[in-house]
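The values are calculated or read from the model by the stated rules, or taken from the named source; none is laboratory data. Given the structure is predicted, the values throughout are model-derived calculations rather than measurements. Neighbour counts run over all protein chains shown; Cβ positions are idealised from the backbone, glycine included.
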Amino acid sequence: MQAKHLDGKTASSQIKTELARVVEELKCKGINPGLAMVMVGANPASALYVNMKVKACQELGICSRVVKLPESASRQELIETVAGLNRDEAIDGVLIQLPLPAHLQDEAILESISPEKDVDCFHPYNQGRLLTGREGLKPCTPLGCVALLKRNGIVLEGKKSVIVGRSNIVGKPLALMLMQENATVTVCHSKTRNLKEEIKQAELLVMAIGQPEAVGGDDLKRGCIVVDVGQHRLADGRVVGDVDYKSALSRASWITPVPGGTGPMTVAVLMYNTLWAAARRRGLPLAYGLDSSKPRP
């Protein structure tokens, strides 16, 4: 039996359709959500990602603004640009497109974004609220992973979950989110002993280490659910994940395709975070849940 697809394209399309209705509801209340993206330099991959986000905003009716700075921009210039967006009442979400040039790779730059507009959830304030289980903005890729699983009816409670990768962007926050869903979570990394043995125990495996096809089908527990966050373009032009997709198909019960799995969900969640921030900045709840189209109480 082949694994079923955890289809991020379909789920993200459904979410965006639902969010478009939320945008209309907010506009009826006089709220016009706005997202600002700051891009430094002319990295082609960054430009592609920013264009995807702009397109998603257009589809939903969210106002988008792209602020472009030269690669030579100074630290102070970037921080002042962010400060201006923090003050701008027309902007509800602010993000800095990564990676930044080497001379700007400073945590203080990301921390200059106002926590209430921090739609990427890189600010320690928002990360701290996630750690303590409080309501707030959550990182886009991990939240998208959880939403994709739940939208496919996958029960996370009690699930033995192994995350390979401990980055602040994916691995660590996803571990917290899965624990909040009452999963049993193990986080593995480059210093983990007997990594293959840990992976073999996983009922849910999340790969986020940035190594193409590092795990094959033989490494998986039969029936494992596989969420592959990696995305790599090989010399032959193929785009692959951290998992050898073909060999995993016959072992897994569910698997995210690459591309078309977690990537589209990340963009959809960014749109959700922007609307959440727009509502909460005005003291309003956002009566919409990502894991299903049913409103939250």
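At-a-glance table
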quantity	calculated
Unique residue being over 25 Å from residue 168 (Cα atoms), surrounded by fewer than 17 Cβ atoms within 10 Å (Cβ to Cβ) and of a type in the set (Ser, Thr, Tyr) when the list is 64, 72	72
Count of region 87-110 residues which are in contact with a strand residue (DSSP E or B) (Cβ under 9 Å, 6 or more places away or on another chain) and either within 19 Å of residue 143 (Cβ to Cβ) or surrounded by 15 or more Cβ atoms within 10 Å (Cβ to Cβ) (or both)	12
Residue match in region 263-276 (condition: closer than 23 Å to residue 18 by Cα and either charged (D, E, K, R) or touching a strand residue (DSSP E or B) at 6+ places or on another chain (Cβ under 7 Å) (or both))	yes
Search result, residues across region 217-249 that are at pLDDT 95 or above, more than 24 Å from the chain's Cα centre (by Cα) and not aliphatic (A, V, I, L, M)	217, 218, 219, 221, 222, 223, 246, 247
Criterion violated by residue 170 - all others in (1) of a type in the set (Val, Ile, Thr); (2) within 22 Å of residue 224 (Cβ to Cβ); (3) loosely packed, with under 14 Cβ neighbours inside 10 Å satisfied	(3)
Test: residue 117 is surrounded by 19 or more Cβ atoms within 10 Å (Cβ to Cβ), touching a Cys at 6+ places or on another chain (Cβ under 7 Å) and either at pLDDT below 95 or not aromatic (Phe, Trp, Tyr) (or both)	no
Boolean, residue 258 is farther than 26 Å from residue 51 by Cα, under 17 Å from the mean Cα position of the chain (by Cα), of a type outside the set (Asp, Glu) and at pLDDT 95 or above	no
Residue list for region 105-134, restricted to those being assigned to a loop (DSSP other than H, G, I, E, B) and aromatic (Phe, Trp, Tyr)	122
Test for residue 45: is it without any contact (Cβ under 8 Å) to a residue 12 or more places away in the chain, loosely packed, with under 14 Cβ neighbours inside 10 Å and not aromatic (Phe, Trp, Tyr)	yes
Number of the exception - residue 129 against (1) farther than 25 Å from residue 34 by Cα; (2) surrounded by fewer than 22 Cβ atoms within 10 Å (Cβ to Cβ)	(1)
